[in-house]
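Right, one structure below, let's go through it.
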Amino acid sequence: HHKRALRTLQDNYLYLSVLVIAVISPHLLVSTGFLMSCFATQAVYLQGSTADHETRGQSVIAKKLGDKLTLYAAIQLALLPFSWRAGRLYSFVAILANLFLLPLTFVLLLWAFVFLFLIPLPPAAAWLGLALRTLYGGIRTLLAGAAFLADFGFIARRCHLAFLPFLPWRRLFQGAFPLSRQIASGGRKTKRTFFWTKILLSISILAAVRQYQAGQRGLYFLDVGQGDASLFWDGRTAILIDSGPVGSGRLLQDTLAYLEIEKIDFVFLTHLDQDHVAGLGELLGSGSKVDHIFISEPIMGNEEKMAKLNSMAAKATDEPLITTLFAGDVLTIGKVDFTILGPLRKYLDSNDGGLVFLSETDGQRVLWMGDAGFAAEADLLRADKLSDVDILHVAHHGARNSSSPAFVRTVQAEIAVISCGFRNRYGHPVDEVVSLLSIEGLVVRTDLAGTMLLSASRGKSRLESTLVERYLPGDYDRIIGMEDAEW
């Protein structure tokens, strides 16, 4: 009774805290980070400490170790809905990693605060800073090892959820599930029935995961910040269009792992600016396999960028083949038809000299403009290369020097996708471009909607966006209203 009363009191404190925070900042109620904190805290309360009879006969060390592992497993379970949505599954490796890394993190944070107070005393701060740097380096090494294990093998990477029924549920949430106590006190027949129930549940989960992942096929407009990256995936062939800025490699790796993509078959690089290419270098450096890279004809002054591309390709485990595409080229890759529209001539500006192409699949026509500016748009219009499309991947992140009125009226895009970073220093996209595009159709942005999936089923196309907290404050109710779009 005492434990039950204590847990009720803890729950009340948690709910009261959530209520107060919601009154002050209501947008946090749809904040992924805030909700994860609440669920993790609730998991700690539910799990609590295991009952005495659960650990009788165990040594103190074994009991403490079991309690810690149980706690971390419970937190992982509580966060599963969020990690699943973000493209990660249940990590058994993380439970073991937390056992060693969390205590080290607390030590590091404690001495980091001490370091701040010692800043007025340079000699002492210098010695402590050196010690902290050494400790931090060790933690980073452990994290790298844990990440390697998490990506290694069948159990750790592909079928996390299928093993959930075999977790020690009675120990994890003992107070929350009275049924677990009944099973524990039941006879051999009850326990055998429960075991086979676990087997069937595990198979059902595995089948559901496979079916869910099969529904995640289509065109992904990836939220890589101030840059561009998109991914076609039909279940067999992976096609990457640009790869984002520095730091995008991890997101690309997570996306590939989530969709169980073993390699990228083809990469289209519209041009060689860092915000379109850097992620590919990180991907190749991590050991990911890329078969083929398409680029536009290099222009004068791009020798250094071309040398960097060749260098990053050479560092890959299996060096990809780099091919130059020209206007008029037509390719069919998997279920996607590509028609290269530009560049139509040589330009002084590398943005205008980038690839411009049309992709068609499942009746969806998508126009990819890279960072092409007014000059390239005018040439395409004069050559009568443009017509109406379903989706326009807006040029240059919605910058002022792209998407002219004549161009926008010609393509008549039902949906315009703008890839840009949240509150980026360039001011992308500019209001004039957004207003112009809005006349023709719906405008969606990765800085507001996160990663988006364009899929087709039974003749209907669907664009789904991922809600993330960073864009919410002012008009989050309006943004939530446009979470999904069908046409």
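Some notes on this structure:
- Enumeration of residues in region 268-294 that are under 21 Å from residue 226 (Cα atoms) and of a type in the set (A, V, I, L, M): 269, 272, 277, 278, 280, 283, 284
- Within region 425-440, the set of residues being assigned to a loop (DSSP other than H, G, I, E, B) and surrounded by fewer than 20 Cβ atoms within 10 Å (Cβ to Cβ) comprises 425, 426, 427, 430.
- Selection status of residue 240, in the same structural domain as residue 420 (by TED's automatic domain parsing) and either over 24 Å from residue 371 (Cβ atoms) or among the hydroxyl-bearing types (Ser, Thr, Tyr) (or both): no
- Filter result for residue 242 (modelled with pLDDT of 95 or more, surrounded by 23 or more Cβ atoms within 10 Å (Cβ to Cβ) and in contact with an Asp or Glu (Cβ under 7 Å, 6 or more places away or on another chain)): yes
- Residues located in region 301-357, provided they are over 27 Å from the mean Cα position of the chain (by Cα), surrounded by 12 or more Cβ atoms within 10 Å (Cβ to Cβ) and among the acidic types (Asp, Glu): 329, 349, 352
- One residue stands out among those in region 286-315 that are of a type in the set (A, V, I, L, M, F, W, C) and within 24 Å of residue 334 (Cα to Cα): the one that is modelled with the lowest pLDDT, which is 313.
- Scanning region 276-309 for residues that are touching a strand residue (DSSP E or B) at 6+ places or on another chain (Cβ under 9 Å) and more than 15 Å from residue 355 (Cβ to Cβ) turns up 278, 279, 281, 282, 283, 284, 288, 289, 290, 291.
- Scanning region 324-362 for residues that are more than 17 Å from residue 238 (Cβ to Cβ) and of a type in the set (Ser, Thr, Tyr) yields a total of 4.
- Being assigned by TED's automatic domain parsing to the domain that holds residue 350, surrounded by fewer than 16 Cβ atoms within 10 Å (Cβ to Cβ) and in contact (Cβ under 8 Å) with a residue 12 or more places away in the chain is a property that residue 375 lacks.
- Only one entry in 69, 65, 29 is within 30 Å of the chain's Cα centre (by Cα) and modelled with pLDDT of 70 or more, namely 69.
- Test: residue in region 376-384 that is touching a Pro at 6+ places or on another chain (Cβ under 7 Å) and either on the phi > 0 side of the Ramachandran plot or not hydrophobic (A, V, I, L, M, F, W, C) (or both): no
- When residues in region 378-405 are screened for being within 22 Å of residue 242 (Cα to Cα) and either charged (D, E, K, R) or not assigned by TED's automatic domain parsing to the domain that holds residue 352 (or both), 2 of them pass.
- Within region 355-371, tally of residues that are part of a loop (DSSP other than H, G, I, E, B) and modelled with pLDDT of 95 or more: 4
- Residue check for residue 105: modelled with pLDDT of 65 or more and hydroxyl-bearing (Ser, Thr, Tyr): yes
- Test result for residue 260, out of contact with any Phe, Trp or Tyr (no Cβ under 7 Å at 6 or more places or on another chain), in a loop (DSSP other than H, G, I, E, B) and in contact (Cβ under 8 Å) with a residue 24 or more places away in the chain: yes
- Residue in region 403-424 that is surrounded by fewer than 19 Cβ atoms within 10 Å (Cβ to Cβ), in contact with a Lys or Arg (Cβ under 8 Å, 6 or more places away or on another chain) and on the phi < 0 side of the Ramachandran plot present: yes
The values are calculated or read from the model by the stated rules, or taken from the named source; none is laboratory data. Source: prediction; values computed, not measured. As a convention, Cβ positions derive from the backbone with ideal geometry for all residues, glycine included, and neighbour counts pool all protein chains shown.
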